[in-house]
Amino acid sequence: MSKSRPDMIKGTLDMLILKVLSLEPMHGWGISERIQRMSDDVLEVNQGSLYPALHRLARRGWIGSGWDVTENNRRAKYYRLTPAGEAALAKERDHWRELSWAVDRVMAAEGA
Amino acid sequence: MRWLDDLAFRIRALLGRRELERDLEDEIAFHLERETEKNVAGGMDPREARREALRRFGGVDRFKERTRESWGLRWLDDLRADVRYALRQLLGSPGFSVVAGLTLALGIAGTAAIFSVVQGLLLRPLPYDEPDRIVRFWMPLWWRGQEYDFVRERATAFEEVAAYSNDGVTLRGESSTSVTVAGVVSANLFDALGARPLLGRTFREGEDRPGAEEVVVLSHGLWRSEFGGDPGIVDTRILLNGRPATVVGVMPPEFFFPDPETRLWRPLDLDPADPAYASNGWLALVGRFEEGTGDARRRAELDRIVAAVGERFEYPDHADKTRDAGLIPIREAILGDVEGPLVLLLAAVAALLLMACVNVASLMLARMSDRREEVAIRAALGAPRGRLARQLLTETVILGLGAGGIGAAAAALSFDAVVAALPLRVASGMGQGFGEILSLDWSLAAGALVLAVGTGLLVGLAPVRRLGGEGPAGALSPGRDPVPDPGSGRLQSVFVAAEVVLAVLLVSGAVLLARSVAELRSVELGFESAGVVAVDLFVGEGDMGGGERLRFFRETAREAAELPGVEGAGLVSRLPVRDGGWQGSVRLEDRPDLTGDRAPNSYWRAVTPGFFRTMGIGIVRGRTFTGDDRTGAPDVAVVNRAFVEAMWPEGADPIGKRIRSLAVGDGSGEWTTVVGVTANARSVGVRGPVPPVLYRPYAQFTATNLSTVLVLRGSGDPALLAGPVRSLVRRRSPVVAVARVTPMERVVEAEISESLRLRLFLGLFAAVALLLGVVGVYGVVSYSVGRRTREFGIRIALGAEPGRLVRSAVRSGTVPVLIGVTMGVGAALVVSRFVSGFLYGIEPTDPWSLGAAGGILLLAGAAATAVPALRATRVDPVRALKAE
């Protein structure tokens, strides 16, 4: 979805966050930047939804948080994936694959 | 399990709120910093970079709000805000708050106090093991030792059958002798109750038979007060009735049987060789059913016992033990007398509390009406109705809590006085009765708290329901005097009616009790109680031999008659009205067929010649005793009229007839000649018919009673004789104890003390109810009429007659009162069934009493309506019109 499109579906944002964190622990701002870069600027994270999503995921126990120091010696809150989160990520990915396959099939249908 | 983690999170959030806030702030700050830096690196100037970062983030404050909401702590913030608002409102109108608060506090104080008593007495389990297996045997008459042994042998479904009675015993102390109530029990009584001692042991089998050593078990209270809680008390000897007795055990603090005034227990002396064994009825029986005995088996057992008893013993008609047989659960037997009055008082005080709530709710409604503008604005600005309702309830609950605090404090301070005034006395009554096991505890505070919150919520209900009554437009209409809200006016009328119903119930209850007491007071005593004082004398059997004792009592009576201010003195073995007991079979010489178990029953008393005159008991035939009637002279007796009617119903002249009482120690055992008939004097209690009584001269009595009552008639205040008599007795012998000195009038009062106390409380409640009702009606009418001031002013200016307006206002104000009175009388009729047990000589549906209650309420209601109505019409019409 490009910049002119409305927000991502809530579930997708969660999945993307989990994926990013599966690569390495990161603070909130970093996650937002990473998603943007990894999608070649197609996906722009709505920062108003980012932190609520992070807190939600933390409440569920899929990610954990802790304060640490950045490379610039600044204090930031880092998130990391928990084992439960890993399992959740796999499930979300399967679910997404199923969903997008189904949508593709409908869109690929020729006129009858 | 997710909800568990969630809950854990919420709790952590609650406790670590500040840290969470700080984290949130820091996290956002960090994010914005990095975003700003990124923008600056992209070429923007710092200020613009910051602005862009903020814009991209979205509303920071909004975000913080949402995050906080996700923490689930929103309610805490709301609550804090509500409480602050509520306090502002309550403190801002001190008049309302004080009146409402005190009204509620009054109701809460009374209800919490009585609830605490109910909790301490009725809701607490009895100090016996598995009380539902314990029963008391029916008791139209006391049981004889012979009957007890008989029943005990034949009981199969019972694990234990025990017997008990009570007696006064003397305890010898350092310098004087005191008297205490003792339980005289069979050896297995404690086993039947399933009660275990704190120290030592209870009685062993055989200790209640002749030849056993003198043993005694102490109550915890007595152990503390008389023996200083000495831990080595077991196996020491104390002087009981002047004789040494070994203390074998001490009971735990919460134990009592059959009431808290019995402070020690000693075994019976069941001796089949003793004539009293077969003739003296003085025992009560309790039994413990075997485990798992069902209702059917219990009934079968009862029937078996009744049949066996009926077969073995023959009973005269008026003393037939096979009639009205029943097994009473121990709880009812012990608490039955106090349970009824307490429950009645609890219901009455709860009604009072309800009235207080209704009053305050009415006040709240009026206040809400005044604040309609403000509420409407807030609703218009977007406050959800739920929020407004919560705020209102917060306000009333805080009011309730404040009232609860004051009420609890008041109740705690007056607790002892309240307990002393409650009808908790016990028949043997020398002390506080059941009040002795009551103490101030958690139940008062807990009760007050629950009531505080409950009344707060209850009071808030009505205004909350009126909240959504109308849209903002109605409330915000131009002109400072908005149209009065008709809905709330109707609700207030309902409140008035409800208050009146409750008030009628309370007032009619008080009137009925008052009339009951009047009836009791007017009972013919048959003697003159004014000016007479009763002195209880006790002496231990080890301290004085039997003959010496009798001589001592008679000589003391003679000397007492010489004291200044004393007009007459006499002795009686059992005091009229107060003391029961001493009843048994009588034989009539001219009816030899009435023998054995068919012999008629009578009470007997030993008296000195001065007794009749001192008590003012009239003689209707023959003579009373003289100094010549003593040992060696022919045995004589004086009987009362009831005796004559019972023994010789055909109307024969009793003078000269010979009878023989089987009283133990009664003279020579020869035939006794009746020489006189007295008027019926109340001998046992004040209620019911006067029983047959037979009097014998003290000088011809050989019984070795340990106690007697000296009655003195004084020319002045009888209570003043206490001091001189005590000194006289002490001077004559230090081992004789004066247990108590009581004016006869007080003795009679104590008989009806339960009714007196109920009358006191109900009267108090009725007075408060009347006050609350009047204030309530006055408030409501005054408010609604106040709203109509303008209307009145206009109508008067247009020529309306003020009288008509007053009448119309009074009429509309009195309608709810009328409805309330009608419903109240109806409710009183419905409830009457439950109240009849407390009344004497009057029916609970007595039309005069109910009519009086209704009339009082109507008058009060009308007056409360008329005053504000009158005031409203006096208002200058011009001023009313100008009033803004």
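Residue check: is B:S812 open to solvent by less than 80 Å² (accessible area, probe 1.4 Å) and closer than 17 Å to B:F495 by Cα? Show your work before the answer.
Values: open to solvent by less than 80 Å² (accessible area, probe 1.4 Å): yes; closer than 17 Å to B:F495 by Cα: yes.
It is true that B:S812 is open to solvent by less than 80 Å² (accessible area, probe 1.4 Å) and closer than 17 Å to B:F495 by Cα.
So which residues in region B:60-91 are within 14 Å of chain A (Cβ to nearest Cβ) and part of a helix (DSSP H, G or I), if there are any at all?
Here is the first cut: in region B:60-91, the residues within 14 Å of chain A (Cβ to nearest Cβ) are B:60-73.
B:V60, B:D61, B:R62, B:F63, B:K64, B:E65, B:R66, B:T67, B:R68, B:E69, B:S70, B:W71, listed by residue number.
Does B:G43 fit the bill of being open to solvent by less than 30 Å² (accessible area, probe 1.4 Å), more than 9 Å from chain A (Cβ to nearest Cβ), free of Cβ contacts under 8 Å to residues at least 60 places away in the same chain and out of contact with any Pro (no Cβ under 7 Å at 6 or more places or on another chain)? Walk me through how you get there before you give the answer.
Values: open to solvent by less than 30 Å² (accessible area, probe 1.4 Å): no; more than 9 Å from chain A (Cβ to nearest Cβ): yes; free of Cβ contacts under 8 Å to residues at least 60 places away in the same chain: yes; out of contact with any Pro (no Cβ under 7 Å at 6 or more places or on another chain): yes.
Answer is no for this residue.
Out of contact with any Leu (no Cβ under 8 Å at 6 or more places or on another chain), surrounded by fewer than 21 Cβ atoms within 10 Å (Cβ to Cβ) and not small (G, A, S): is that true of B:R732 in this structure?
Values: out of contact with any Leu (no Cβ under 8 Å at 6 or more places or on another chain): yes; surrounded by fewer than 21 Cβ atoms within 10 Å (Cβ to Cβ): yes; not small (G, A, S): yes.
Judged against the criteria, B:R732 is a match.
Could you list all residues from region A:74-86 that are surrounded by 16 or more Cβ atoms within 10 Å (Cβ to Cβ) and facing another protein chain (nearest Cβ under 9 Å)? Give the derivation first.
Just the residues of region A:74-86 that are surrounded by 16 or more Cβ atoms within 10 Å (Cβ to Cβ), to begin with: A:76-79, A:81-82, A:85.
Of everything in region A:74-86, those that are surrounded by 16 or more Cβ atoms within 10 Å (Cβ to Cβ) and facing another protein chain (nearest Cβ under 9 Å) turn out to be A:A76, A:K77.
With respect to B:L15, is the statement that it is closer than 17 Å to A:A58 by Cα and open to solvent by 40 Å² or more (accessible area, probe 1.4 Å) true? Let's see the steps before the verdict.
Details: closer than 17 Å to A:A58 by Cα: no; open to solvent by 40 Å² or more (accessible area, probe 1.4 Å): yes.
Here the answer is no, as B:L15 does not meet what is asked.
Pick out, from region B:576-664, the strands (runs of 3 or more DSSP E) lying fully within it that include 2 or more residues that are surrounded by fewer than 17 Cβ atoms within 10 Å (Cβ to Cβ) and among the charged types (D, E, K, R).
Of the strands (runs of 3 or more DSSP E) lying wholly inside region B:576-664, none has at least 2 residues that are surrounded by fewer than 17 Cβ atoms within 10 Å (Cβ to Cβ) and among the charged types (D, E, K, R).
Could you list, ordered by first residue, the pairs with Cβ atoms under 7 Å in which the first is in region B:57-71 and in contact (Cβ under 8 Å) with a residue 60 or more places away in the chain and the second is part of a helix (DSSP H, G or I) and aliphatic (A, V, I, L, M), at least 6 apart or interchain?
Within 7 Å, the pairs are B:W71/B:A13; B:W71/B:L20.
In region A:9-63, how many are over 22 Å from A:R75 (Cβ atoms), touching a residue at least 40 places away in the same chain (Cβ under 8 Å) and away from every other protein chain (no Cβ under 14 Å)?
Result for region A:9-63: 10.
Kindly indicate whether B:A767 is among the hydrophobic types (A, V, I, L, M, F, W, C), open to solvent by 30 Å² or more (accessible area, probe 1.4 Å) and more than 27 Å from B:G107 (Cβ to Cβ).
Here the answer is no, as B:A767 does not meet what is asked.
Test of understanding: among B:L79, B:L54, B:L87, B:L104, which residue is open to solvent by 20 Å² or more (accessible area, probe 1.4 Å) and modelled with pLDDT of 90 or more?
Selected residue: B:L87, the only one of B:L79, B:L54, B:L87, B:L104 that is open to solvent by 20 Å² or more (accessible area, probe 1.4 Å) and modelled with pLDDT of 90 or more.
Looking at B:F115, B:F30, can you tell me which residue is among the aromatic types (F, W, Y) and either outside any helix (DSSP H, G or I) or more than 11 Å from chain A (Cβ to nearest Cβ) (or both)? First the steps, then the outcome.
On the way: B:F30 fails: either outside any helix (DSSP H, G or I) or more than 11 Å from chain A (Cβ to nearest Cβ) (or both).
Unique residue meeting the criteria: B:F115.
Is it the case that B:T845 is among the polar types (S, T, N, Q) and outside any helix (DSSP H, G or I)?
Values: among the polar types (S, T, N, Q): yes; outside any helix (DSSP H, G or I): yes.
The answer is yes for B:T845.
Pick from B:P816, B:P868, B:P844: which is within 22 Å of B:A347 (Cα to Cα) and in contact (Cβ under 8 Å) with a residue 24 or more places away in the chain?
Of B:P816, B:P868, B:P844, the one residue that is within 22 Å of B:A347 (Cα to Cα) and in contact (Cβ under 8 Å) with a residue 24 or more places away in the chain is B:P844.
Based on what the data block shows, is B:L141 touching a helix residue (DSSP H, G or I) at 6+ places or on another chain (Cβ under 8 Å), within 14 Å of chain A (Cβ to nearest Cβ) and in contact (Cβ under 8 Å) with a residue 60 or more places away in the chain? Please lay out each step first, then the result.
Details: touching a helix residue (DSSP H, G or I) at 6+ places or on another chain (Cβ under 8 Å): yes; within 14 Å of chain A (Cβ to nearest Cβ): no; in contact (Cβ under 8 Å) with a residue 60 or more places away in the chain: yes.
It is false that B:L141 is touching a helix residue (DSSP H, G or I) at 6+ places or on another chain (Cβ under 8 Å), within 14 Å of chain A (Cβ to nearest Cβ) and in contact (Cβ under 8 Å) with a residue 60 or more places away in the chain.
Here is a list of conditions, (1) away from every other protein chain (no Cβ under 11 Å); (2) in contact (Cβ under 8 Å) with a residue 40 or more places away in the chain, and A:E71 meets all of them except one; can you say which number that is?
Against the list (1) away from every other protein chain (no Cβ under 11 Å); (2) in contact (Cβ under 8 Å) with a residue 40 or more places away in the chain, A:E71 comes up short only on (2).
The values are calculated or read from the model by the stated rules, or taken from the named source; none is laboratory data. On a predicted model such as this, the values are computed, not experimentally measured, just so you know. Note: ideal-geometry Cβ built from the backbone for every residue, glycine included; neighbour counts use all protein chains shown. Note: accessible area is taken over every heavy atom of the protein model, side chains too, but ligands, DNA and RNA are not part of it. Shrake-Rupley method; radii C 1.70, N 1.55, O 1.52, S 1.80 Å.
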